[in-house]
Amino acid sequence: MLKEHKLKFTWLNPPLPPKRDRRRRKADQKPAKQPQLQPTPLQSFQDLRSRYGLADELVSNVLEQGFDVPTEVQLGAIPLLLDTSALHLDEAKDLDNPENGTVNGLDLLAIAPTGSGKTLAFLIPLLHRLREERSRDAGKDRNTSAIVLAPTRELASQTVNEGRKLARSTGLRITQMRKGMKFQADDLPHEANDPTGNHGASESTVKADIIVSTPGVLQSALFNTNNVQALEFVRHLVLDEADVLLDPLFRNQTLDIWKSLRNSSLRVSMWSATMGSNIEELARATIDGRRKLLSEQSGTTVMEVPLIRLVVGLKDSAVPNVQHKLTYAATEQGKLMGLRQLLHPAATSGDSETPLRPPFLVFTQTIERAVALHAELLYDIPAEAGGIGRIAVLHSDLSDTARDAVMTRFRKGEVWVLITTDLLSRGVDFCGVNGVVNYDIPTSSAAYVHRIGRTGRAGRSGGVAVTLYSKEDIPYLKHVANVVAMASRQGGKGTGMDQWLLDALPKLSKNEKQNLKKRGVESRTARGTQKDPRAARKSQISSKSGYDRRLENKRKGAIAGSRRAVQAGHESDEDRESDFEGFD
């Protein structure tokens, strides 16, 4: 069953054999036998109660959400995290634990496609473990026991919402860390800490079993207030979108939080759809370094636990159930024209491919370009269809309130076209997104995988992914074309493009790839504008001046208003007519 679902388990830190065995093996020149991992897959969520002893409330909450058959990552990861490692790894029995003679738990690195249910895969075991710990430590003070880190507040908010649905009636509390919040200084109830009786102030105080946060917010709450000791009881750390959290943008913040967790029983799980070898090495080095540091500080040996890597399907690949399109637009104006054709498709088209229907997402390289594209397209949807309210823009410069409002409107279906940056490319789950448009090409193959992963969620077919590229994008297109070709092969559609295009696209050097990932296409940045103003003008998103667009929109509004007034006048004249025909 594991092979059927393309699950591959690897023990990344197996114990070394005794020195005597190593000398004998060297003499025989026989390769070392890799330890085999054969976890029993989870075939139904109904088995959670009978096989793993999950509480009735937790299992009921899972089933009430409509989950019945687990996805590939869930049937592989949940048994690993619920069972002790000794049930799966014979060699782990030799790793003595001072408390119970066996290894208690494991560290997990899971790589699975976008929309495959990774959030549920780590929330179910986490809630079960915390409930067990609460029962075992009954009567003791309650402290924060788990931290979930996410790169964006939108993803953190989504995780909290899903966690609260699963934790209903279990007694476990899950909270999103926000700016201005602080950890409770002691373990007294909130009401006891407020002598004024104003219990509303306690909303800024964190008192939860699970804290979900972005790295920057949690780091500020911990280190700016010297409150690191508030997390001394944390035994579970989850890194959602771990490759981003351990990338240079968030690396220092994430590692500061990770290293501040001093509990020797800490277990770490890392989740993403893409994971480079450099990120794996950094994770392993951090786990080993932390274990050695704790051993030195405590004077006792902190035992090493198994670090397992789970790969679902092909590593770092895009979802195959989405139709991928690469569209050459030559210039910036051509890209605008191509996007407008997607907004207003021709009524008669000989194209047999799946059309792009709203709602859909449009990704740009920078915030400035997202704002400019929104201003350009603001009046493209007619008033009869909702007008300017159907298009919105979302980026990190907006206030938290504004971002929440845009997300709510998009989820309700009030917004049809949402223009954004890579802010929304990670983990955020929209049930009804029919497509994704890369107005600016992604800066890496991983960025493409995550952008496209906003559609085709949970195996849903019919999604469309369109990448518009201009002449200046051609030198940077190879990584996108390779991912598209791989996804098309997985879907049984060949390479999805002409072979000559794949062969003709230039390859980037390692330094060029790093610069592209870090800065994007230079002419579309503020730095590129200063360096080459002419190229920057060519990259400007505009077909007419804002003044002309406002005049045109006012003219359309005036015409529509006149028509409504005329119609209202006719209706009022009809209302004045009476059936009275005089006196007899």
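Cα-based values for the range 246-393, radius of gyration first and Dmax second, are 24.4, 76 Å. Computed across the range 243-300, the Kirkwood hydrodynamic radius from all distinct Cα-Cα pairs reaches 12.3 Å.
What does the net charge come to around V480 if you take all other residues with beta carbon closer than 12 Å to its beta carbon, with K and R at +1 and D and E at -1?
After counting each charged neighbour, the total is +1.
Measuring nothing but how far apart in sequence close Cα pairs (under 8 Å, 6+ apart) lie, relative to its length, the range 388-442 scores a relative contact order of 40 percent. Would you mind getting me the FRET efficiency between E296 and R519? Use the beta-carbon distance for r and R0 = 41 Å, nearest 0.05. According to the calculation, E is roughly 0.50.
Across the alpha-carbon set of the range 115-179, the Rg to Rh ratio works out to 0.98, Rh being the Kirkwood radius.
Note on L63 and K510: the extension gain reaches 156.2 nm, defined as 0.36 nm multiplied by sequence separation minus the Cα-Cα distance.
Throughout, read-outs are computed from the coordinates displayed, never taken from laboratory work. All of these numbers come straight from a predicted model, not from anything done at the bench. FYI the Cβ positions are ideal-geometry reconstructions off the backbone, even for glycines, and counts take in every protein chain you see.
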